[in-house]
Amino acid sequence: MADGRAENIGSAWTVESGGVTLYVRLTPKGGRDALEGIEALADGRSVLKARVRAAPENGRANEALIALIASALRVPKGAVAIRAGATSRVKTVFVAGAPALYLDALAKLAPTDG
């Protein structure tokens with residue numbers, strides 16, 4: 001958008017001033033740590049599918065998700081924060097930094113089928 005506040009890219013993430021907001025559906029105790037593309041939820045929203053080995057106890061799954069996203073986008077873990085949905089499977093995650101650095105990586109990690 002012209003004001004630089006929020007620009008919807010694909011709908012599984014939004015570019016904001018100062019970073020990118022990701023919409024993630026997390027599967028804890030998923031057998032491996034991985035980002036697995038884009039999925040449409042029943043309500044029509046698009047989310048980035050993620051799974052982690054960690055159990056959803058004492059914040060371990062959230063910590064694993066932060067580490068997974070930080071590793072995939074090559075940013076420090078401190079640049080990644082869960083903004084909403086800490087106790088839900090669907091989470092809003094903010095990654096601070098220059099959005100242009102993340103868009104190519106996100107497109108490669110989460111290709112859409114069209």
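Structural remarks
- Given 15 as the ceiling on other Cβ atoms within 10 Å, longest exposed-site-free region of the chain for trypsin sites (Lys or Arg not before Pro) in DSSP loops: 90-114
- If the chain linking Ala40 and Thr27 were pulled fully straight, counting 0.36 nm for each residue of separation and taking away their Cα-Cα distance, it would gain 3.2 nm.
- Angle between the chain longest axis and helix 99-109 axis [Cα atoms, degrees, rounded to 10]: 50 degrees
- Between 0 and 90°, nearest 10: helix 60-73 axis offset from the chain longest Cα axis: 40 degrees
- Put a plus charge on the Cβ of each Lys and Arg, a minus charge on the Cβ of each Asp and Glu, and nothing anywhere else: the dipole of the stretch 23-114 about its Cα centre is then about 220 debye.
Read-outs: derived from the displayed coordinates by stated rules, not from any lab. Just so it is clear, the model here is predicted, and its values are computed rather than measured. Positions of Cβ are backbone-derived with ideal geometry, glycine not excepted, and every protein chain shown enters the neighbour counts.
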